[in-house]
Every structure is written in C-alpha cells, then in structure tokens.
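Here is the structure we will look at, set down as structure tokens.
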Amino acid sequence: MTDNFRKAYSVVGAVLLLEFLTQFYVIAAAMFTTVAKEIADAQNGVVTHGPVHDVEFFAGVHAVTGVFIMPPTLLILIALSIGARYPWRTTGLTGVLFLLLVVQFLLAFVGFMGGAAVAGLHGINALLMVGLGIYLVTRNWAFRHQAAGRRQVEAARPADASPPSGG
C-alpha cells in the first residue's frame, strides 16, 4: 500500500514542478507585456490597451495558480508523504515547502502594499521553493526504485550463472 502512496507522491510532485514552471512562465509573460507597453507608450505617446489586457490575463493566471492550485497540491503532497511512510525528514521538508508558499503570499502582500524592496524576495523565495521541490521529487521518485532493484540483483549474480528459470 505504501508503494502506491510513494508513486502518487512522485506524480503529484511532478505536477507541482509543472505548476512552478507555469508560475515562472506567466509572470515572465506579464512582465514582458508590461515592459512592451511602457516602451510603446514612451515612443509614441499613445496609450496601448492590448498589452494591458494581456498583463491582466497572465498576472491573473499567476495569482490563481499560486492561491488556489498550489496550496491544495502541497497539502496533498504532505498527506501522501505521511501515507507513504517516508522518513519524517521528507515529510518535514514537504511541510517546509508549504511554509515557503505561505511566505510567498506574505511577500506578495508586502509588494502590493508598496514594499517593492521586500517584495523582491518573492522571486528568491520562489527559487528556494523550486530547488526544494526538485530535491524532494528526485530524491523520492518511486518509479526508479523497481528498476534499480533489478539491476542490483543482476549485478550480484555471477557472470557465468544462467538467469533464474520461471518454474
């Protein structure tokens, strides 16, 4: 049963990494759209409305993913870590990942209140989250253990020994 939880942890962890990738993509798209608008406004004195709508879309996807999608993913990951009976270090680090997400919310809030110098830590905290997420997923990847176990058995067998028979 723990094997199924470990596989689910791996799958949900991979989904979390895709969510991180989505976050970086959409915030970069929002930023470049904003910069393009500022450059266009400075060059021709005309207010451009198209890029503004794009910023709202990309920033909205960033906000929705960060507020409504990632927290449940992380809570599920913590539950799967407990169900998989991973060492407490793994479960604790998965919990730290959730705490880093709470810090992300706080840093974003500070940014919206005008504290840009502190809010800049939002990006650095995101990199910490990605690094820890990659560490947890790769260290606990459940799908490689079966193949690694077979390789160990084959390596332990003498070279001149025939493979075990099926009967």
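The values are calculated or read from the model by the stated rules, or taken from the named source; none is laboratory data. Predicted, not measured: the structure shown is a model, and the values here were computed from it. All Cβ positions, glycine included, derive from the backbone under ideal geometry; neighbour counts span all protein chains shown.
Note on the stretch 84-94: residues that are surrounded by fewer than 17 Cβ atoms within 10 Å (Cβ to Cβ) and touching a helix residue (DSSP H, G or I) at 6+ places or on another chain (Cβ under 6 Å) total 1.
For (1) surrounded by 14 or more Cβ atoms within 10 Å (Cβ to Cβ); (2) closer than 27 Å to Thr2 by Cβ; (3) modelled with pLDDT of 95 or more; (4) of a type in the set (Asp, Glu), each residue gets a yes or a no:
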position: Asn125; (1), (2), (3), (4): yes, no, yes, no
position: Arg150; (1), (2), (3), (4): no, yes, no, no
position: Asp160; (1), (2), (3), (4): no, no, no, yes
position: Pro164; (1), (2), (3), (4): no, yes, no, no
